[in-house]
Amino acid sequence: MADTRVEIAGLQLDNPVIPASGTFGYGQEFAELYDINILGSLVMKGTTCRARRGNEYTRIAECPSGLINSVGLQNPGIDHVAEHELSELAEVYRKPVIANISGSSPEEYQKCAAAMDAQPQVGLIEVNISCPNVRKGGMAFGTCAEDAAAITAAVKDAASKPVFMKLSPNVTDIAEIAAACENAGADGITLINTVLGMRIDIERRRSVIPAGKGGLSGPAVFPIALGMVNDVFHRVDIPVMGAGGVSSARDVIEMMMAGAAAVQIGAANLTDPWICRKIIEELPELMDALGINRLEEIRGIV
């Protein structure tokens, strides 16, 4: 029987399949569809210090091989998540979760990190410095190596649990930024976040997304994500979580061969709510067909 277990920053996962932030809510909705305890872990919806209403509608623009989103980090705020969402999630999910945090200053990142670090169910903190859909903070911190390192150091000062920095692909050299995060103390890297894109309503003669551009995700970005995971894997000595357009067990294998220690599933959850379960069920069969006994055997072989 193929062994799907992986280890990432000290966390032992039954498999590498992890729903990505913003595509799985806080888990409760999906728990009504299937037993989410089969997941390796899950990343909660991105959280900020204070509640955010998010961007105006329309927030989604469909594309032939994916979608553009401009949600704008809508969330109820870090205190509500700590007091309510995590306790409700604990009723349906027994494994450590990954908290995704964001902010517009080092101090806000620190506050969010400290709040999540204090929660027993949180096993790892993912720091979003790569969101293209907020005007202040977000991606601005992830496009400069010095700024990315500064946020990394600030979060590490506030948290004792492993910290993964989620990076933007909208840069010239993502490996350089990953290396800066590693030097500042990051325990791992998550990549990629969405790629900037646009759709135009030709009847109304304006952008479908009121903000103009949004974040492209889905199968269209998978080759970009794969290449960047491979670049960063060969540049740093800390683990990488791969994300971006993953929608099948074959994609998971590709990501791990490129260097990912675990793999996040994002936009595919929005089109097929059972996709993570399907991938987990298909992964051992694909491993057997490919002669893979343990996933660790293939990590970074390319």
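What follows is calculated from the coordinates using simple rules that are stated; it is not laboratory data. This one's a predicted model, so the numbers in the text were calculated from it and none came from an experiment. Neighbour counts run over all protein chains shown; Cβ positions are idealised from the backbone, glycine included.
What the table below lists for this structure:
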{"item": "Percent of beta bridges antiparallel (DSSP, the chain, rounded to nearest 5)", "result": "40"}
{"item": "For Asn100, distant residues with modelled amide H under 5 Å away", "result": "Met44, Thr47, Glu126"}
{"item": "³J(HN,Hα) computed for each position of region 100-112 - Karplus, 6.51 cos²θ - 1.76 cosθ + 1.60, integer Hz, glycine/proline x", "result": "9, 10, 8, x, 10, 7, x, 5, 5, 4, 5, 4, 5"}
{"item": "Span per principal axis, largest first, for the Cα atoms of the chain (Å)", "result": "52, 48, 41"}
{"item": "DSSP loop GluC sites (Glu not before Pro) with at most 15 other Cβ within 10 Å: longest gap in the chain", "result": "92-202"}
{"item": "Theoretical gain in end-to-end length, Glu7 to Ser105 [0.36 nm per residue, Cα-Cα removed]", "result": "32.1 nm"}
{"item": "Per-residue HN-Hα couplings for region 198-205 [Karplus 6.51, -1.76, 1.60; θ = phi - 60°; Hz; x = Gly/Pro]", "result": "8, 10, 10, 7, 6, 6, 8, 6"}
{"item": "Fluctuation leader among Pro223, Pro19, Pro120 - the chain, Gaussian network, Cα springs under 10 angstrom", "result": "Pro120"}
{"item": "Amide H within-cut-off set for Gly22, under 5 Å, with H built and near neighbours excluded", "result": "Lys45, Gly46"}
{"item": "Anisotropy class of region 225-302 from Cα gyration tensor, a/c 1.5 cut", "result": "oblate"}
{"item": "Under Karplus coefficients 6.51, -1.76 and 1.60, residue-wise ³J(HN,Hα) of region 220-231 in Hz, glycine/proline x", "result": "4, 9, 4, x, 5, 4, 4, x, 6, 4, 5, 4"}
{"item": "Computed [θ] at 222 nm, deg cm²/dmol, the chain (DSSP H ≥ 4; -39,500 (n - 2.57); rounded to nearest 500)", "result": "-8500 deg cm²/dmol"}
{"item": "Long-range amide H partners of Gly72 with built H, under 5 Å", "result": "Asn55"}
{"item": "Exposure proxy order (Cβ contacts within 10 Å, fewest to most) of Cys49, Cys181", "result": "Cys49, Cys181"}
{"item": "Least to most buried among Asp237, Asp272, Asp117 (fewest other Cβ within 10 Å first)", "result": "Asp237, Asp272, Asp117"}
{"item": "GNM flexibility winner over the chain from Ser168, Ser248, Ser21 (Cα, springs under 10 Å)", "result": "Ser248"}
{"item": "Surrounding net charge for Gln110, when Lys and Arg each add one and Asp and Glu each subtract one, Cβ distance under 11 Å", "result": "-2"}
{"item": "Among Gly291, Gly77, Gly25, residue whose mean-square fluctuation peaks in a GNM of the chain (springs only between Cα atoms under 10 Å)", "result": "Gly291"}
{"item": "Contact order normalised by residue count of the chain, Cα under 8 Å, 6+ apart, percent", "result": "20"}
{"item": "Residue exposure sequence - Asp201, Asp187 - by fewest surrounding Cβ within 10 Å", "result": "Asp201, Asp187"}
{"item": "Lysines with Cα under 21 Å of Lys278, excluding same-chain neighbours fewer than 8 positions away", "result": "Lys95"}
{"item": "Proximal aspartates and glutamates relative to Lys213, as straight alpha-carbon distance under 14 Å, when same-chain residues fewer than 8 apart are discounted", "result": "Glu56, Glu62, Asp201"}
{"item": "Loop-located chymotrypsin sites (Phe, Trp or Tyr not before Pro) in region 1-61, at most 12 other Cβ atoms within 10 Å (DSSP)", "result": "Tyr57"}
